[in-house]
Amino acid sequence: MSRLSRFEAYRYVGVRDTMRFYDCDEEDQFDQVASRVKEEGLVGTNLIQVFAPDTAIEARNRGFRPITPLDRV
């Protein structure tokens with residue numbers, strides 16, 4: 001189980017520019033969001049969103065959608 005630095009307590013992490021959320025317990029999703037955070041500086045530009053409670057349902061309630069296989073290209 002991997003987590004983003006500064007967001008170790010959160011399983012679900014959203015990205016505001018695409019309004020998609022990632023499940024950090026899924027290795028491929030974590031790799032994808034970690035790569036975006038590093039390459040695009042998402043933390044510094046305030047484009048990362050975490051949710052409380054830390055659930056997919058809460059992410060959806062806030063307007064985020066899960067990434068899909070088409071998003072993972």
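Here are some notes:
- Filtering the range 59-73 to residues that are modelled with pLDDT of 95 or more and over 13 Å from D23 (Cβ atoms) leaves N61, R62, G63.
- Failed item in (1) out of contact with any helix residue (DSSP H, G or I) (no Cβ under 7 Å at 6 or more places or on another chain); (2) surrounded by 12 or more Cβ atoms within 10 Å (Cβ to Cβ), with V43 passing the rest: (1)
- Within the option set T45, T18, being part of a loop (DSSP other than H, G, I, E, B), touching a residue at least 24 places away in the same chain (Cβ under 8 Å) and among the hydroxyl-bearing types (S, T, Y) holds for one residue only, T18.
- The lone criterion from (1) surrounded by 10 or more Cβ atoms within 10 Å (Cβ to Cβ); (2) assigned to a loop (DSSP other than H, G, I, E, B) left unmet by A34 is number (2).
The values are calculated or read from the model by the stated rules, or taken from the named source; none is laboratory data. Quick caveat: nothing in here was measured; it's all calculated off a predicted structure. Cβ atoms come from the backbone with ideal geometry, glycine included; neighbour counts cover every protein chain shown.
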